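The structure appears right after this line, and notes come after that.
The values are calculated or read from the model by the stated rules, or taken from the named source; none is laboratory data. As the structure is a prediction and not an experimental result, all values here were calculated from the model. FYI the Cβ positions are ideal-geometry reconstructions off the backbone, even for glycines, and counts take in every protein chain you see. Note: accessible area is taken over every heavy atom of the protein model, side chains too, but ligands, DNA and RNA are not part of it. Shrake-Rupley method; radii C 1.70, N 1.55, O 1.52, S 1.80 Å.
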Amino acid sequence: MIIYLDQNKWIDVARAIIKPEDNPRFVDVANMIQVKSEKGEWVFPISMVHFLETCARADVGSRTRLAKVMSSLSKNNSIRSFIDLAEIEFINAFSIIHNGKPHINIDAISSNLFNAIGLQTPTIKINDSVPEETQLKMQQIIKENVLENDDLFALLMQNYQDRELLADSQIDIEELKQSHEALKIEFAELPPEYRYKVFLIRSFMTYFELFYKKLIKLFSELKNDIIPKEILASQEKTIELLESIPSLDVRVKLMHESLKNPAKRVHENDSNDIAFLSTAIPYTDVVITERTWKHFANITKLSEKYNTIIESDLNYLKELEH
């Protein structure tokens, strides 16, 4: 079973493991998580958002302790971001239209930690002056003792905090927050019945423009024919196509719910939350996240569509035993 924990849930687990006397509420479930992870029955993948939010912790001791728990339980398992998966998802959606089946098998979860940050096959460059046989031995040693080290995430987080990167990330977060605020104002001026469709079409076309040349090459269609006329002639079929891109579907629905809700303030972490949920919901079995996102995911029936349990209480995991 693949279980995705958002960063706050990881913190709850770590606190219960490191100082159980101070965090009794989650001690039992934290113990269960350790046993299930060790047996390989439950898999807890790390995402790019986990990288960013963990390395953002300025206190080295706090960051290291959290990262050690995450390393121990994740065992280098990772989940790819929507940035990596969007093109594959688009190709598969159009392959189903034109060929009746997906074109590529999507491996969203893997035991390669670097997949979380888009590096599918890390390579080690060794000076060419070193004999080839020695190069191969060195590469194997590095692969076994570094890349496959179960404590790799902890090692990275213990020694890494790029203040310039974090500063850039904060700028990006603030820009996204301002963009969301502007969208909220813009959508408030549209008739309610059109808001979701406008946002869905706009989001779909942003990515379609990036990938359409590859789609044309793969399926030998002119740009004007890549979406069959019978689909475009039916609003229901058009919406069905637009909602067939899993990570885009999740992001649009969650963002739309967030934007349309006047009581929901745009928070600086909203973009990170939506980024991880966009792949966690379609590609894992259980997602433990904040109550707001659980509510949005369930009222939009994302849990039903992707057959994913979406909860907000970490202790829910204890119910999986019954």
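Screening residue 102 with (1) farther than 24 Å from residue 209 by Cα; (2) surrounded by fewer than 19 Cβ atoms within 10 Å (Cβ to Cβ) gives one miss only, at (1). Taking the stretch 48-58 as the range and being open to solvent by 10 Å² or more (accessible area, probe 1.4 Å) and under 17 Å from the mean Cα position of the chain (by Cα) as the test, the residues that pass are 48, 49, 51, 52, 53.
Listed by first and then second residue, the pairs linking a residue in the stretch 57-74 that is of a type in the set (Ser, Thr, Tyr) to a residue that is not in a helix (DSSP H, G or I), with Cβ atoms under 6 Å apart and 6 or more places separating them unless they lie on different chains, are 71/151; 74/44; 74/46.
Would you confirm whether or not the stretch 104-111 contains a residue that is at pLDDT below 85, closer than 30 Å to residue 241 by Cβ, hydrophobic (A, V, I, L, M, F, W, C) and outside any helix (DSSP H, G or I)? Among the residues of the stretch 104-111, at least one is at pLDDT below 85, closer than 30 Å to residue 241 by Cβ, hydrophobic (A, V, I, L, M, F, W, C) and outside any helix (DSSP H, G or I), which makes the answer yes. The single condition from (1) surrounded by 12 or more Cβ atoms within 10 Å (Cβ to Cβ); (2) of a type outside the set (D, E, K, R); (3) modelled with pLDDT of 65 or more that residue 138 fails is (3).
Among the residues of the stretch 38-47, which ones are loosely packed, with under 14 Cβ neighbours inside 10 Å and outside any helix (DSSP H, G or I)?
Let us first name the residues in the stretch 38-47 that are loosely packed, with under 14 Cβ neighbours inside 10 Å, namely 38-41.
Those that are loosely packed, with under 14 Cβ neighbours inside 10 Å and outside any helix (DSSP H, G or I): 40, 41.
Considering the stretch 276-300, the residues that are open to solvent by less than 60 Å² (accessible area, probe 1.4 Å) and aliphatic (A, V, I, L, M) include one that is farthest from the chain's Cα centre (by Cα), namely 297. In the stretch 25-37, the qualifying residues are those that are open to solvent by less than 10 Å² (accessible area, probe 1.4 Å) and free of Cβ contacts under 8 Å to residues at least 60 places away in the same chain, and the one that is farthest from residue 290 (Cα to Cα) is 37. Scanning the stretch 269-322 for residues that are of a type in the set (A, V, I, L, M) and either free of Cβ contacts under 8 Å to residues at least 12 places away in the same chain or assigned to a helix (DSSP H, G or I) (or both) turns up 274, 275, 277, 280, 281, 297, 299, 302, 314, 317, 320. Tallying residues that are small (Gly, Ala, Ser), closer than 18 Å to residue 277 by Cα and in a helix (DSSP H, G or I) within the stretch 64-101 yields 2. For the stretch 3-10, indicate whether the set of residues that are out of contact with any Leu (no Cβ under 7 Å at 6 or more places or on another chain), under 19 Å from residue 310 (Cα atoms) and either at pLDDT below 90 or polar (S, T, N, Q) (or both) is non-empty. So far as the stretch 3-10 goes, yes, one or more of its residues are out of contact with any Leu (no Cβ under 7 Å at 6 or more places or on another chain), under 19 Å from residue 310 (Cα atoms) and either at pLDDT below 90 or polar (S, T, N, Q) (or both).
Does the stretch 1-10 contain any residue that is in contact with a helix residue (DSSP H, G or I) (Cβ under 8 Å, 6 or more places away or on another chain) and over 14 Å from residue 288 (Cβ atoms)? Lay out the reasoning, then the answer.
Applying the first criterion (in contact with a helix residue (DSSP H, G or I) (Cβ under 8 Å, 6 or more places away or on another chain)) to the stretch 1-10 yields 1-7, 9-10.
From what is left, the residues that are over 14 Å from residue 288 (Cβ atoms) are none.
No, the stretch 1-10 contains no residue that is in contact with a helix residue (DSSP H, G or I) (Cβ under 8 Å, 6 or more places away or on another chain) and over 14 Å from residue 288 (Cβ atoms).
Are there any pairs with C-beta distances below 8 angstrom linking a residue in the stretch 79-90 that is open to solvent by 10 Å² or more (accessible area, probe 1.4 Å) to a residue that is aromatic (Phe, Trp, Tyr) and assigned to a helix (DSSP H, G or I), with the two at least 6 apart or on different chains, and if so which? Sorted first by the residue in the stretch 79-90, then by its partner, the pairs are 87/211.
Within the stretch 1-24, the set of residues being within 16 Å of residue 62 (Cα to Cα), in contact (Cβ under 8 Å) with a residue 40 or more places away in the chain and not in a helix (DSSP H, G or I) is empty. Residue 271 falls short on exactly one of the conditions (1) under 13 Å from the mean Cα position of the chain (by Cα); (2) farther than 15 Å from residue 247 by Cβ; (3) modelled with pLDDT under 85, and that condition is (2).
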